[in-house]
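The values are calculated or read from the model by the stated rules, or taken from the named source; none is laboratory data. Note that the structure is predicted; figures quoted are calculated from it, not measured. Neighbour counts are summed over all protein chains in view; Cβ atoms, including those assigned to glycine, are modelled from backbone coordinates with ideal geometry. Areas reflect the complete protein model, heavy atoms only, side chains present, ligands, DNA and RNA absent. Shrake-Rupley method; radii C 1.70, N 1.55, O 1.52, S 1.80 Å.
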Amino acid sequence: MQSKFLLPLAAAAVSFLTACSTPLPSSADLDKLTKDIVARSFRAEGQAQLDRVNPDEDNLLCSQADQSGNTIDEKLAAAVEARNMQTIKAPVDGKYLGDFKEGEKIAQSGSGKTWTDKADAANGGNCYNCHQISKEELSYGTLGPSLYNYGKMRGVTNPNSAESKPIVEYTWGKINNPRAYNACSSMPRFGHKGVLTEMQIKHVMALLLDPASPVNK
Ligand code: HEC
């Protein structure tokens with residue numbers, strides 16, 4: 001009875017040992033394999049284009065640093081920040097703030113950038129996914145700092161005043177391109193990457209900075 005199992009068992013042991021003696025793929029082999037699988041698995045459609053599969057220079061530098069477990073080199077970080085700072089443009093009409101009610105809707109919405117979104121459809125900002133913003137919303141992520149009382153805590157009583165100009169301009173820049181201030185920020189580059197339109201960014205600005213916004217009550 002026992003001998004019936006012995007032969008297949010011996011065969012299994014031999015093939016196991018053969019598998020063990022095959023050298024493991026190198027990290028470069030695995031990288032290539034992963035790239036090939038990703039390239040075969042994604043197609044460009046609607047708003048979901050293949051540019052997101054191929055990271056730009058800044059994303060590449062930051063993910064290389066993440067993989068190595070080291071932070072990005074200081075000089076490199078300064079270069080990334082300077083390059084991203086160049087992309088920030090002041091609003092065409094000089095007005096930084098829109099309507100905070102619209103801003104709340106944009107901050108709440110996580111839709112957009114998928115295959116099924118029409119090319120000209122507006123995206124959401126998904127801000128609550130990472131930030132607390134108004135006190136009414138109890139469900140929020142904590143990857144980013146709380147933005148509750150954002151304008152109030154920074155003494156913004158009149159966003160159009162010369163006094164408020166630095167914080168208004170900083171907030172505009174940060175939402176447009178967070179990498180300009182923090183090379184490997186995990187916050188999306190909403191303006192630079194065309195996730196939000198200029199008008200949408202103005203609405204979100206009002207949510208954070210308008211003294212009448214519930215965020216500053
Ligand atoms: C994927 C997560 C993520 C999303 C989504 C996100 N943020 Fe952030 N945000 C962060 C992180 C992390 C920081 C802090 C690190 C940094 O400064 O880069 C930050 C910082 C900020 C700051 C600077 C705060 C300060 O005190 O200097 C502002 C303003 C801000 N976010 C606004 C927004 C707005 C508005 C949205 C939506 C349009 C948004 N964020 C969406 C992650 C996110």
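Amide H contacts of ALA48: TRP115, each under 5 Å away and 5 or more positions distant or on a separate chain (H built 1.01 Å from N in the peptide plane; Pro and chain starts excluded). Looking at the chain, the accessible area is 65 square angstrom per residue; that uses a 1.4 Å probe and ignores ligands, DNA and RNA. Pairwise inverse Cα distances across the chain, averaged and inverted, put the Kirkwood hydrodynamic radius at 20.7 Å.
Do the sum for the chain: with -39,500 (n - 2.57) for every DSSP H run of n ≥ 4, divided by all residues, what is the mean residue ellipticity at 222 nm, to the nearest 500 deg cm²/dmol?
Details: 8 runs with 95 residues, N = 217.
Mean residue ellipticity at 222 nm (helix-derived): -13500 deg cm²/dmol.
With R₀ fixed at 45 Å, the C-beta to C-beta distance from LEU33 to ASP99 puts the FRET efficiency at about 0.35.
Among the trypsin sites (Lys or Arg not before Pro) in segment 105-188, those placed in a DSSP loop whose Cβ has at most 10 other Cβ atoms within 10 Å are LYS118.
Carbon-plus-sulfur fraction of the accessible area of segment 100-216, 1.4 Å probe, in percent? Provide the component values of the computation, followed by the final result.
Working: 3200 of 5870 Å².
The C+S portion of the solvent-accessible surface of segment 100-216 is 55 percent.
SER111 sits with roughly 70 Å² accessible to a 1.4 Å probe, with DNA, RNA and ligands left out of the calculation.
What do you get for the angle between helix 27-41 and the principal long axis of the chain? Use alpha-carbon atoms, 0 to 90 degrees, nearest ten. Orientation of helix 27-41: about 70 degrees from the principal axis. Each 10 Å bin, from zero up to the one with the longest distance, holds this percent of the alpha carbon pairs of segment 14-120: 10, 20, 29, 25, 9, 4, 2, 0. Counting each pair of different Cα atoms once, what's the Kirkwood radius of segment 57-157 in Å, rounded to one decimal? Value: 17.0 Å, from the Cα pair sum.
Modelled this way, with points 7 Å down the Cα-to-C-beta line, the labels at SER146 and ALA48 are 3.6 nm from one another.
Here the label points at VAL92 and LYS193, each 7 Å from Cα along the C-beta direction, are separated by 2.4 nm in the simple model. Put simply, the Cα atoms of segment 121-217 extend 31, 31, 28 Å along their principal axes, the longest span coming first. SER139 exposes around 80 Å² of accessible area when a 1.4 Å probe is run over every protein chain in place.
Taking the Cα centre of segment 133-217 as reference, the dipole from Cβ charges on Lys and Arg (+1) and Asp and Glu (-1) amounts to some 180 debye. Ordered from highest to lowest accessible area with the whole protein assembly present and a 1.4 Å probe, HIS131, HIS192 read as HIS192, HIS131. Pick from ALA28, ALA107, ALA65: which residue has the top mean-square fluctuation in a GNM of the chain where Cα pairs under 10 Å get a spring? Judging by the Gaussian network model, the answer is ALA28. Taken as Cα centroids, segment 100-126 and segment 158-206 sit 17 Å apart, rounded to the nearest whole angstrom.
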